[in-house]
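Participant: For reference, the structure I am asking about is given below.
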Amino acid sequence: MVVPLLVVGVDRCRVDGDVAVIVSNNANFVKGKPGEPILISWDDARTLFHEFGHALHGLNSNVTYPSLAGTSVPRDYVEFPSQLLERWLSTRPVLDRFALHSQTGQPMPAELVQKIKRTETFKQGYLTVEYLASALIDMKLHLAGATPIDPRRFERETLAALGMPSELVMRHRTPHFQHVFSGDSYSAGYYSYLWSDTLSADAYEAFLEARGPYDKAVAKRLHDNVFSAGNTVDPAEAYRKFRGRDPGIAALMRKRGFPVPAPAVASEPKATPSGAR
C-alpha cells in the first residue's frame with residue numbers, strides 16, 4: 001500500500017528575483033523482509049507517476065507571481081497534468097528501464113502489460129455512474145441556494161429525476177460527502193476529477209496522433225502552454241494553444257471502453273418551394 005504525499009515548497013517565480021523551485025514527492029511503501037527489495041504494485045506505480053505529474057507542474061513553472069505559479073490553477077485543471085503523466089507508466093521505455101523483475105532482472109513482458117490494459121475498462125459503467133451521481137448531487141445542492149433542504153428527500157428525489165439506476169448507489173452518500181461543504185476547493189466541484197480525466201485522455205491522443213508518447217513537438221507544446229504557464233493564461237485558452245482545439249469527450253469514451261458518439265452533422269437547409277416568400 002502506498003500513501004503518496006506531494007509537498008510543493010516553492011514554485012518558480014520572479015517577483016522577488018528568480019526563485020528556485022523546491023518540490024518533494026514522498027511515498028510510504030511497505031518495506032520488504034530484511035535483505036529483500038521493496039516491491040510496489042502496478043497501482044502504486046501509477047500513483048507515483050500521478051504525483052510526479054504534480055511535481056513536474058511545479059518544477060516547470062515559469063511565471064512572475066507566486067500566486068499564479070505551478071499548480072495554483074483551478075481545481076478542475078490541476079489534476080490534468082498528473083492524470084496525463086500516468087499514461088507514460090505503460091510505455092516500453094519506462095517498463096524496460098524500471099519495471100524489472102526483482103529476481104531475474106527481466107522487464108515486464110508485453111503480454112502482462114496487455115492484460116493490465118484490458119482491465120482498465122472493467123466495471124467502468126458502474127464506476128462512472130456512481131461518480132456522476134455524487135457529482136450531480138453536489139452541483140444540485142449548491143444550486144439550491146437558500147431553499148430549505150431535507151437531505152434524504154433531496155437526494156432521493158434528485159436521483160430519481162436524474163434516472164439513477166436503482167441497482168447503484170452514489171459513491172458518496174450525502175451524510176458523509178465531505179467534498180460538498182469541506183471548503184471552497186471542492187464546493188460544487190466534485191465533477192473536476194472527471195473533467196480532468198477528459199482533458200488528460202484527449203491530450204494523450206495528441207501524442208498518439210503524432211509520433212507517439214515521446215513526440216518532442218507535442219511535448220514542447222504541452223510544456224509551453226500547460227506545465228510552465230501556471231494560471232497566467234485562462235486554462236481553456238491554454239489548452240486550445242496546446243491541442244489546437246477544445247477538448248472533446250471521444251478520447252475519454254475510448255479510454256473507458258464506451259461507444260463514441262457520432263459527431264453532430266448539420267442538417268441541410270430545406271429547399272424553398274418555387275414561388276414561396
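Participant: All but one of (1) of a type in the set (Lys, Arg); (2) under 30 Å from Arg92 (Cβ atoms); (3) surrounded by 14 or more Cβ atoms within 10 Å (Cβ to Cβ) hold for Arg173; which doesn't?
Facilitator: (2)
Participant: Any idea how many residues of segment 134-157 are open to solvent by less than 40 Å² (accessible area, probe 1.4 Å) and either modelled with pLDDT of 95 or more or among the acidic types (Asp, Glu) (or both)?
Facilitator: Looking only at segment 134-157, we keep the residues that are open to solvent by less than 40 Å² (accessible area, probe 1.4 Å), and these are 134-135, 137-138, 141, 144, 155.
Then drop every residue that is not either modelled with pLDDT of 95 or more or among the acidic types (Asp, Glu) (or both), which leaves 138, 155.
Looking only at that region, the number is 2.
Participant: When you look at Lys140, is it without any contact (Cβ under 8 Å) to a residue 12 or more places away in the chain and either under 18 Å from the mean Cα position of the chain (by Cα) or part of a helix (DSSP H, G or I) (or both), yes or no?
Facilitator: Details: without any contact (Cβ under 8 Å) to a residue 12 or more places away in the chain: no; either under 18 Å from the mean Cα position of the chain (by Cα) or part of a helix (DSSP H, G or I) (or both): yes.
Judged against the criteria, Lys140 is not a match.
Participant: For Arg221, which of the numbered conditions (1) in a loop (DSSP other than H, G, I, E, B); (2) open to solvent by 70 Å² or more (accessible area, probe 1.4 Å); (3) at pLDDT 95 or above fails to hold?
Facilitator: Every condition holds for Arg221 apart from (1).
Participant: Quick check on segment 183-192. Is at least one of its residues at pLDDT 90 or above, not in a helix (DSSP H, G or I) and not basic (Lys, Arg)?
Facilitator: yes
Participant: Can I ask one more? Under 8 Å between Cβ atoms, at least 6 apart or on separate chains: pull out the pairs that start in segment 235-262 with a residue that is without any contact (Cβ under 8 Å) to a residue 24 or more places away in the chain and under 23 Å from His57 (Cα atoms) and end on any residue that is assigned to a helix (DSSP H, G or I) and of a type in the set (Phe, Trp, Tyr).
Facilitator: Once the first residue is without any contact (Cβ under 8 Å) to a residue 24 or more places away in the chain and under 23 Å from His57 (Cα atoms) and sits in segment 235-262, its partners that are assigned to a helix (DSSP H, G or I) and of a type in the set (Phe, Trp, Tyr) give Asp246/Tyr239.
Participant: Can you work out which of the residues in segment 250-277 that are modelled with pLDDT under 50 and of a type in the set (S, T, N, Q) is surrounded by the fewest Cβ atoms within 10 Å (Cβ to Cβ)?
Facilitator: Only one residue tops the list, namely Ser274.
Participant: Modelled with pLDDT under 95, more than 26 Å from Ala55 (Cα to Cα) and not in a helix (DSSP H, G or I): does that describe Arg171?
Facilitator: Answer is yes for this residue.
Participant: Show the residue pairs meeting these rules: Cβ distance below 7 Å; 6+ apart or different chains; first residue within segment 96-107 and free of Cβ contacts under 8 Å to residues at least 60 places away in the same chain; second residue surrounded by 12 or more Cβ atoms within 10 Å (Cβ to Cβ) and of a type in the set (Gly, Ala, Ser).
Facilitator: Short answer, once both residue conditions are applied: Pro107/Ala99.
Participant: Taking the criterion of being part of a helix (DSSP H, G or I), open to solvent by 50 Å² or more (accessible area, probe 1.4 Å), out of contact with any strand residue (DSSP E or B) (no Cβ under 6 Å at 6 or more places or on another chain) and closer than 28 Å to Ala201 by Cα, would at least one residue in segment 34-45 satisfy it?
Facilitator: Initial filter on segment 34-45 (part of a helix (DSSP H, G or I)): 42-45.
Narrowing the set further to residues that are open to solvent by 50 Å² or more (accessible area, probe 1.4 Å) leaves 42-43.
Now narrow it down to the ones that are out of contact with any strand residue (DSSP E or B) (no Cβ under 6 Å at 6 or more places or on another chain): 42-43.
After this cut, where a residue has to be closer than 28 Å to Ala201 by Cα as well, the list is 42-43.
Yes, segment 34-45 contains a residue that is part of a helix (DSSP H, G or I), open to solvent by 50 Å² or more (accessible area, probe 1.4 Å), out of contact with any strand residue (DSSP E or B) (no Cβ under 6 Å at 6 or more places or on another chain) and closer than 28 Å to Ala201 by Cα.
Participant: On the given criteria, is Glu79 at pLDDT 95 or above, under 30 Å from Gly230 (Cβ atoms) and either surrounded by 14 or more Cβ atoms within 10 Å (Cβ to Cβ) or of a type in the set (S, T, N, Q) (or both)?
Facilitator: For Glu79, the condition - at pLDDT 95 or above, under 30 Å from Gly230 (Cβ atoms) and either surrounded by 14 or more Cβ atoms within 10 Å (Cβ to Cβ) or of a type in the set (S, T, N, Q) (or both) - is not met.
Participant: Which one is farthest from Gly53 (Cα to Cα), of the residues in segment 87-107 that are among the hydroxyl-bearing types (Ser, Thr, Tyr) and open to solvent by less than 80 Å² (accessible area, probe 1.4 Å)?
Facilitator: It comes out as Ser102.
Participant: Could you tell me which numbered condition Leu199 fails, if it satisfies all but one of (1) closer than 30 Å to Ala144 by Cα; (2) loosely packed, with under 15 Cβ neighbours inside 10 Å; (3) at pLDDT 90 or above; (4) of a type outside the set (Ser, Thr, Tyr)?
Facilitator: With respect to (1) closer than 30 Å to Ala144 by Cα; (2) loosely packed, with under 15 Cβ neighbours inside 10 Å; (3) at pLDDT 90 or above; (4) of a type outside the set (Ser, Thr, Tyr), Leu199 is out only on (2).
The values are calculated or read from the model by the stated rules, or taken from the named source; none is laboratory data. Computed from a prediction, not measured in an experiment: that's the story for all the values here. All Cβ positions, glycine included, derive from the backbone under ideal geometry; neighbour counts span all protein chains shown. Surface accessibility is based on the protein's heavy atoms, side chains included, excluding ligands, DNA and RNA. Shrake-Rupley method; radii C 1.70, N 1.55, O 1.52, S 1.80 Å.
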